[in-house]
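The structure appears below as structure tokens.
Bear in mind that the values in this text are calculations on the coordinates, not laboratory data. What you are looking at is a predicted structure, and each value in this text was computed from that prediction instead of being measured. Cβ placement follows ideal geometry from the backbone for every residue including glycine, while neighbour counts extend to all protein chains displayed.
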Amino acid sequence: MGVEELESGALNRILLAEDDDDMRRFLDKALKKAGYDVISFGNGADAFERLKEEPFTLLLTDIVMPEMDGIELARRAAELDPELKIMFITGFAAVALNPDNQAPKDAKVLSKPFHLRDLVQEVERLIAT
């Protein structure tokens, strides 16, 4: 295994938080097919617990979720790991873009519905920056 493989494996870990089971399975499968190492959770609280255990490259989270919403998850995650890239997936883009919610300023927002290729392209773009 070359250094590039080791590095790319370590650099392409995605933590997915999405409470809709079908959407979570759909996104998980698409991102794994695109070559990413994906760990997924159905709520923000469980995702945050996993984030405290190991590093990830990208947090991909829905905004509206029970227990801990995506914005709270993103805020806590950014405090824990300032290098973590964050992307919100939501049907409520205005919520994510509201400056009062204190979402991390560098977070990207992808509005539902979206095509899988758009998601993968946005993830690739964000990880490359």
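Amide H of V38 versus every other amide H placed in the peptide plane: which residues, excluding those fewer than 5 positions away on the same chain, fall under 5 Å?
Result for V38 returns I14.
Short version: ³J(HN,Hα) in whole Hz for each residue of the stretch 35-44, in order, from phi by Karplus 6.51 cos²θ - 1.76 cosθ + 1.60 (θ = phi - 60°), x for Gly and Pro, what are they?
Each residue's phi maps through the Karplus curve to give x, 8, 8, 10, 10, 10, 9, x, 7, x Hz.
Quick one: grab the alpha carbon gyration tensor of the stretch 34-128, order the square roots of its eigenvalues as a ≥ b ≥ c, and give me rounded if a/c is under 1.5, else prolate or oblate depending on whether a/b is larger than b/c.
Values: a/c = 1.37, a/b = 1.04, b/c = 1.32.
In terms of gyration-tensor shape, rounded.
Full-extension gain between K105 and D81, please, as 0.36 nm times their residue separation minus the C-alpha to C-alpha distance. Provide the component values of the computation, followed by the final result.
On the way: separation 24, 0.36 × 24 = 8.64 nm, distance 1.42 nm.
Full extension from K105 to D81 adds 7.2 nm.
What's the local net charge at R13, with K and R +1, D and E -1, over the other residues with C-beta under 9 Å away?
Details: positive: none; negative: D37, E54.
Taking every other residue near R13 into account, the sum is -2.
Considering only the other residues whose Cβ falls under 9 Å of the Cβ of M23, what net charge follows from Lys and Arg at +1 and Asp and Glu at -1?
-3
Expressed in nm to one decimal, what extension gain is obtained for the pair E54 and R25 from 0.36 nm per residue of sequence separation less their Cα-Cα distance?
In short, 8.3 nm is gained.
Under 5 Å between amide H atoms, partner at least 5 residues away or on a different chain: which partners does I89 have, H built in plane at 1.01 Å?
T61, D62, I63, L110
Report the gain in length on full extension from H115 to K33: 0.36 nm times residue separation, minus Cα-Cα distance, nm rounded to one decimal.
Answer, rounded to one decimal: 28.1 nm.
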